[in-house]
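The structure under discussion appears below in the form of structure tokens.
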Amino acid sequence: TVAELARGLPFDIDHEPELSDLALRAAAAAGVRVTLIAPDGTVVADSEVTLAELASVANHAGRPEVDAALAGRLGSNTRRSETVGRRFLYLAVPRAPPSPPGVVRVAADLTSVDASVGDLRSALIAGGVLALVAALVLSFFVSRALLRPLWAFHATLASLSSGDLGARVRWRSNDELGD
């Protein structure tokens, strides 16, 4: 893990080049964003931030997952990154003794997950609309089949009421209407 790879390095500004190189290698190997955070909340390395931009990154001590890790617990959170502007699922772990204190945070980009959820939602809506149309078409044909004998009776009754006493319903079926 990243914490084991950085075991001997203190998370401070003096070691930023080595820590940034470590964060880049770990991120490339794991396919996630890696951030290394000093005990005071200063970001000392980030796989998606260059060394030149690192000084402008906000202090991370107030981030919920970092707070939990600084308190010695596993921390996690889902939110939009203020640094790179994308949604991430964050997991922060404290460095285990005898390593110097600090936090190793990994973040999985949720952009592809959000896109997949959007695609699934679209497919479900399309499937629902298709099922509704199919149900309407089926109900139209079933209702026509059920009403056909009643229309025949109605036509015969109309003929009888207009004076055609020879009018008959020609209906051959074995159901209640046939009887």
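Read the figures in this text as sums done on the coordinates, not as results from a lab. Not measured: the values here are computed from a predicted model. No Cβ is skipped: glycine too gets one built from the backbone with ideal geometry, and neighbour counts run over all protein chains shown.
Checking the structure you have, find out if any residue of the stretch 90-110 is surrounded by 12 or more Cβ atoms within 10 Å (Cβ to Cβ) and of a type in the set (S, T, N, Q).
Yes, because at least one residue in the stretch 90-110 is surrounded by 12 or more Cβ atoms within 10 Å (Cβ to Cβ) and of a type in the set (S, T, N, Q).
Give me the pairs: first residue in the stretch 33-60 and closer than 19 Å to ARG7 by Cβ, second residue crowded, with 17+ Cβ neighbours inside 10 Å and among the aromatic types (Phe, Trp, Tyr), beta-carbon distance under 7 Å, and six or more apart or on different chains, which are they?
LEU36/PHE11; ILE37/PHE11; ALA38/PHE11; VAL44/PHE11
Among the residues of the stretch 137-164, which ones are loosely packed, with under 10 Cβ neighbours inside 10 Å and more than 23 Å from GLU176 (Cα to Cα)?
Residues satisfying the conditions are SER161, SER162, GLY163.
With (1) of a type in the set (A, V, I, L, M, F, W, C); (2) surrounded by 11 or more Cβ atoms within 10 Å (Cβ to Cβ); (3) assigned to a helix (DSSP H, G or I) as the list, and VAL133 as the residue in question, which single condition is left unmet?
Evaluating VAL133 over (1) of a type in the set (A, V, I, L, M, F, W, C); (2) surrounded by 11 or more Cβ atoms within 10 Å (Cβ to Cβ); (3) assigned to a helix (DSSP H, G or I) leaves (2) as the failure.
Which members of the stretch 82-127 meet the condition of being of a type in the set (A, V, I, L, M) and not in a helix (DSSP H, G or I)?
Result: VAL84, LEU89, LEU91, ALA92, VAL93, ALA96, VAL103, VAL104, VAL106, ALA107, ALA108, LEU110.
Could you pull out every one of the helices (runs of 4 or more DSSP H) wholly within the stretch 1-81 that has 3 or more residues that are of a type in the set (A, V, I, L, M) and loosely packed, with under 15 Cβ neighbours inside 10 Å?
16-30
Quick one: is ASP109 within 32 Å of the chain's Cα centre (by Cα), charged (D, E, K, R) and under 30 Å from ALA38 (Cα atoms)?
Criteria met by ASP109.
Assuming ASP164 fulfils every condition listed in (1) out of contact with any Gly (no Cβ under 7 Å at 6 or more places or on another chain); (2) part of a helix (DSSP H, G or I) apart from one, which condition is it?
So the condition that ASP164 fails would be (2).
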